[in-house]
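Take a look at the structure below.
The values are calculated or read from the model by the stated rules, or taken from the named source; none is laboratory data. This structure is a prediction, so every number in the text was calculated from the model and none was measured. Every residue, glycine among them, receives a Cβ derived from its backbone with ideal geometry; neighbour counts consider all protein chains shown.
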Amino acid sequence: MQRAELADFLRRRRGAIRPVEVGIADGPRRRTTGLRREEVAMLAGMSVDYVVRLEQGRSSQPSPQLLGALSRALRLSDDERDHLFHLAGHQPPPADGTARLARAGLVRMLDRLRDTPALVLSDLGEVLAQNRASVLLTGDQTGHHGDRRYLVFRWFTDPESRATHPQREWEHQSRQLVADLRATAGRRSGDPMVTGLVGRLRSASADFRRLWDDHEVAVRRADRKTVVHPQVGSLLLDCETLVTPDQRQLLLVLTPADDDARERLALLLVLGTEEFQTGSAAAQR
């Protein structure tokens, strides 16, 4: 681990990002051109104290998972991400593993969709990155481990994961998730990562077994669904999907389907801004 070089690299990358690029308002009282440390901590899902220690060369060795979170928070290119891993004393993810880190181009697209919920997923349904609007809408979906990384696994094994959708849509959502996984299994025939996930789901959920045996196939492209938020209520959303050429990652964009959903989303963004400003003020004291 090259602590001094790692600290310098992180400080310079933080200073090179304009707040507006990551959906943070650039107010008149801001005295730094880049991101504040507490903003990096928020985007990466870690403590401000750890970011400070990293930038001062006093931290313990960060884990690969933490480095992946920092890569997304700092909007690193693939080359910059690999450099970060090297400085931290880790090998960059191998070719198969890079699918678990959101592509830099997709992350930049997330940044431009500031007021529109959007997220990057792997072809197995692991959320690799979210913009601020997406986190406000459904919470941070990037911190899960093991099989819980996959939306389809949580949907069929954890009843709480269905709370963000009205019960009338559960069957449709279940069929869509299974059909999309079936399409991925066909493209990646014999891949132990896919066959293992399917096997564990069949063992864990009778509902999944029922739908898997129907052999429905449908690649995720466009859909309409309702998301239930505890503060602003139900939002009817149109879901559009952009897929990378190798079909290993996709960008999911959620747009309001009617005026009511548009107003509720606008309110949610205002509430989120007020909460962040309150948290930032407390962190600076």
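Got a number for residues in the stretch 236-285 being assigned to a loop (DSSP other than H, G, I, E, B), surrounded by fewer than 18 Cβ atoms within 10 Å (Cβ to Cβ) and modelled with pLDDT of 75 or more? The total comes to 4.
Conditions (1) over 8 Å from the mean Cα position of the chain (by Cα); (2) under 23 Å from SER234 (Cα atoms), marked per residue:
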{"position": "ALA102", "(1), (2)": "yes, no"}
{"position": "ARG108", "(1), (2)": "yes, no"}
{"position": "ASP111", "(1), (2)": "yes, no"}
{"position": "PRO117", "(1), (2)": "yes, yes"}
{"position": "SER122", "(1), (2)": "yes, no"}
{"position": "ALA129", "(1), (2)": "no, no"}
{"position": "ARG132", "(1), (2)": "yes, yes"}
{"position": "GLY139", "(1), (2)": "yes, yes"}
{"position": "GLY143", "(1), (2)": "yes, no"}
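Here the stretch 158-180 is the region considered, the condition is being part of a helix (DSSP H, G or I) and among the hydroxyl-bearing types (Ser, Thr, Tyr), and the residue that is farthest from ASP223 (Cα to Cα) is SER161.
Considering the stretch 139-148, the residues that are surrounded by 13 or more Cβ atoms within 10 Å (Cβ to Cβ) and touching a residue at least 24 places away in the same chain (Cβ under 8 Å) include one that is nearest to MET42 (Cα to Cα), namely THR142. Taking the criterion of being surrounded by fewer than 16 Cβ atoms within 10 Å (Cβ to Cβ) and of a type in the set (S, T, N, Q), the residues of the stretch 174-216 that qualify are SER189, THR195, SER203. Highlighted here are the helices (runs of 4 or more DSSP H) found entirely within the stretch 37-78 that include at least 2 residues which are over 12 Å from ALA7 (Cα atoms), at pLDDT below 85 and out of contact with any Asp or Glu (no Cβ under 7 Å at 6 or more places or on another chain): 37-44, 64-73.
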